[in-house]
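A quick write-up on the structure given underneath.
Since every read-out is calculated from the coordinates, none of them should be taken as a lab result. Worth saying up front: this structure is predicted, and the values here are computed from it rather than measured. Every residue, glycine as well, gets a Cβ built from its backbone with ideal geometry; the counts of neighbours run over all protein chains shown.
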Amino acid sequence: MKIVLGIGNPGEEYAGTRHNCGFRVIDCLARRAGVALRRGRVRARLASARLAGIPVLLVEPGTYVNQTGEIVPTLMREQAADPADLLVICDDLNLPSGALRVRARGSAGGHHGLESIIAHLGGSTEFPRIRIGIGSPPAGADGADYVLAPFPKSERATMEAAFERAADAAACWAASGIEACMNAYNRRDG
């Protein structure tokens, strides 16, 4: 079974922060599929769903971003999934707010959640991901403080639209594969 994992931090205090873009997309996918995320045997909230008619497991890890990868090997073993069957959704402060980038593989790009997943996959970077732009911190601002801050009102509509587009992209990936997803969604943001 394919797995769609959103990176984020658990807890209400992090719910509206930039670092929780992945969770926001998983919530959108669960809403569209009419399913509820529930605590699973691994430290995560999980739901079996269908995206474009394809069965997938939606995952919000119950660990903080830096430990996201801890549950990945168990999930992949239980779902008989290969790295190509794992779609990771995360924030990216190197992209403008609301921009999407879909990749078949690649480095962590400084994202600690991706670093954790790569480490727990034995160094493999061969899993697809959707990065959602959150913009860069202002000059002199701390990057950690920036990603843990909520979106300002001026960006909320842009980000809500980005979460919906990322959910569309995840469904495209499930139904048509990563190449079709990249062709369809990387073009939209230039």
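Below, the figures for the structure above:
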quantity: Identity of the residue in segment 22-58, touching a Ser or Thr at 6+ places or on another chain (Cβ under 9 Å) and charged (D, E, K, R), that ends up farthest from ALA161 (Cα to Cα); calculated: ARG41
quantity: Residue within segment 72-88 that is charged (D, E, K, R) and under 18 Å from ALA15 (Cα atoms) present; calculated: no
quantity: Any chance ALA174 is in a loop (DSSP other than H, G, I, E, B) and either over 18 Å from CYS90 (Cβ atoms) or touching a Leu at 6+ places or on another chain (Cβ under 7 Å) (or both); calculated: no
quantity: Single unsatisfied condition, ARG32 versus (1) assigned to a helix (DSSP H, G or I); (2) under 20 Å from GLY113 (Cα atoms); calculated: (2)
quantity: Residue satisfying condition, being of a type outside the set (Ser, Thr, Tyr), buried (at least 21 other Cβ atoms within 10 Å of the Cβ) and within 24 Å of ALA161 (Cα to Cα), within set ILE71, ILE7; calculated: ILE7
quantity: Test: residue in segment 147-161 that is touching a Pro at 6+ places or on another chain (Cβ under 7 Å) and either crowded, with 16+ Cβ neighbours inside 10 Å or more than 24 Å from THR74 (Cα to Cα) (or both); calculated: no
quantity: Scan of segment 96-133 for residues that are aliphatic (A, V, I, L, M), over 17 Å from ILE26 (Cα atoms), touching an Asp or Glu at 6+ places or on another chain (Cβ under 9 Å) and surrounded by 17 or more Cβ atoms within 10 Å (Cβ to Cβ), ordered by number; calculated: ALA99
quantity: Strands (runs of 3 or more DSSP E) lying entirely in segment 65-165 (those with 3 or more residues that are without any contact (Cβ under 8 Å) to a residue 60 or more places away in the chain and on the phi > 0 side of the Ramachandran plot); calculated: none
